[in-house]
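Here's the structure, in structure tokens; my notes come after.
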Amino acid sequence: MPIPKFTSVPYSFHTELKKRISEYFERVGKSTTGNFPLFLKALILLSGFVIIYTHLVFFTPPAVWAILECVLLGCVVAAIGFNVMHDGAHGSFSKSKFVNHLAAFSLNILGGSSFIWKVQHNIIHHVYTNVDGVDHDIDIQPLMRLSETQKKYKMHKYQHLYFWFLYSFIYILWIFLNDYKKYFKSKVGDIPMKKMSLTDHFTFWSFKLFNAFIYVAIPIYVLGFGAWLVGFLIFTGVAGFVLGIVFQLAHTVENTAFPVADVQTGTLEDEWAVHQIKTTANFATGNKLVSWLVGGLNFQIEHHLFPKISHVHYPAISKIIKQACREYGIAYIEYSRVRYAVASHVAYLRHMGRK
């Protein structure tokens, strides 16, 4: 489909928000990037990944403990993605571009491609959120129907039941199938990727080989195929489900919008910032443990409006954004607890499967 345009206004809501947020950082005298607690958390998570992997493969514990460690490894991988890679890819992890590059590069070690991620997530998803045909994050067709504009199949009547199982395959499909499809097509969905340099090609293939070596070859050699397969499916299943549910709670719940561009003009109804607020939801923002684990991605409204600000600042700037939304009459979608957001996601999937 043609790339849609956003409505242009003389003085945008985003301009007003940027003014207020800039004034906040000037007043408190803080940098918009990460801080020591974030760097310490990154060190804990990355060290945890190395320790758990090493213990599982080379000092394998009894079966019950091995299973628990596989579950923990899946959670740690997701947490590294949320806290380290995600901020790094947006350039908000550190003041240093080199450190941000290293943080984003962690995705290559975890099995993905930082190059493809930046195109799919930073350029497409963060601009055209919930726009069917453009935002690849809501394209799980034909297995799921996440928008009224997507074709409905009989199996979608049960998608609110089987999504629990389906999300568990997100990570394994991402690293072993979807990255390759986008690489060879040079597209994310129908959107062309920028041309990859020789360095980009080398990085893609060298780390795909590296991942096959550390996640497949070494464990099979040390543990045997059967033990590796069980552990690998548990590890990737947990990582996939955690990644999937956190991102879906942000956009596919009952009150979020799925805008459609005007057929004649190709223009979306709202300006960019209002579009982001209408298509995004927060959850459990008062839960410090959830915020710590998911890297502030429970503050998705703040993240979509200001992706270059580190998630460590989202609790503070959320108050400013809420106040502005009240003044401008814009609904600020928020669920106070994780279970309420999950219930809304389930209800939305049920609705999409039956409407």
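Placing +1 on each Lys and Arg Cβ and -1 on each Asp and Glu Cβ, with no other charges, gives segment 266-355 a dipole about its Cα centre of roughly 460 debye. When the residues 17, 209 are ordered by accessible surface, computed with a 1.4 Å probe over the protein chains alone, the sequence from largest down reads 209, 17.
From largest to smallest, the equivalent ellipsoid semi-axes obtained for segment 266-355 from the alpha-carbon gyration tensor read 21, 20, 12 Å. For segment 57-99, the fraction of alpha-carbon pairs lying more than 16 Å apart is 53 percent, rounded to a whole number.
The simple spin-label model puts a point 7 Å past each Cα toward its Cβ; for residue 97 and residue 22 those points are separated by 2.1 nm. For segment 259-355, what number of Lys pairs, 8 or more residues apart or on separate chains, have alpha-carbon atoms under 28 Å from each other? Qualifying lysine pairs in segment 259-355: 10. Per residue, the solvent-accessible area of segment 1-114 (1.4 Å probe, heavy atoms of protein chains only, all protein chains present) comes to 50 Å². For segment 1-44 versus segment 276-355, the spacing of their alpha-carbon centroids is 15 Å. Using alpha-carbon positions, what is the distance between the centroids of segment 60-88 and segment 191-249, in Å? First find each Cα centre; the distance between them is then 13 Å. Against the main long axis of the alpha-carbon atoms of the chain, helix 314-328 sits at an angle near 30°. Expressed as a whole percent, the accessible area of the chain that falls on carbon and sulfur atoms is 67 (1.4 Å probe).
A crude spin-label estimate for the pair residue 50 and residue 269, with each label 7 Å from Cα along the Cβ direction, gives 5.1 nm. Of the residues 159, 174, 73, the one whose Cα sits farthest towards the positive end of the charge dipole of the chain is 159 (charges of +1 on Lys and Arg Cβ, -1 on Asp and Glu Cβ, taken about the Cα centre). This model, with +1 at the C-beta of Lys and Arg and -1 at the C-beta of Asp and Glu, gives the chain a dipole about its Cα centre of some 120 debye. Note on residue 336 and residue 222: their simple-model spin labels are 4.7 nm apart, each label 7 Å out from Cα toward Cβ. If the segment from residue 67 to residue 152 were pulled out straight at 0.36 nm per residue, it would be longer than the present Cα-Cα gap by 26.8 nm. Sorting the segments 324-336, 124-136 by their mean number of nearby beta carbons within 10 angstrom, highest to lowest, gives 124-136, 324-336.
Positive end of the dipole of the chain (Cβ unit charges, origin at the Cα centre): among 259, 117, 310, the Cα lying farthest that way belongs to 259. Projecting the Cα positions of 295, 245, 35 onto the charge dipole of the chain (unit charges on Cβ atoms of Lys, Arg, Asp and Glu, taken about the Cα centre) puts 245 furthest along the positive direction.
The packing ranking, built from the mean of other Cβ atoms within 10 Å per residue, places the peptides 96-105, 302-311 in the order 302-311, 96-105, highest first. Given +1 at the Cβ of Lys and Arg, -1 at the Cβ of Asp and Glu and no other charges, the dipole of segment 127-282 around its Cα centre is 660 debye to the nearest 20.
Amide H contacts of residue 267: 5, 262, each under 5 Å away and 5 or more positions distant or on a separate chain (H built 1.01 Å from N in the peptide plane; Pro and chain starts excluded). The value of relative contact order for the chain, using C-alpha pairs under 8 Å at least six residues apart, is 26 percent.
The values are calculated or read from the model by the stated rules, or taken from the named source; none is laboratory data. Keep in mind it's a predicted model, so treat the numbers as computed, not measured. Note that we place each Cβ from the backbone using ideal geometry, even for glycine, and neighbour counts take in every protein chain shown. Protein only, heavy atoms only, side chains kept; ligands, DNA and RNA dropped before computing areas. Shrake-Rupley method; radii C 1.70, N 1.55, O 1.52, S 1.80 Å.
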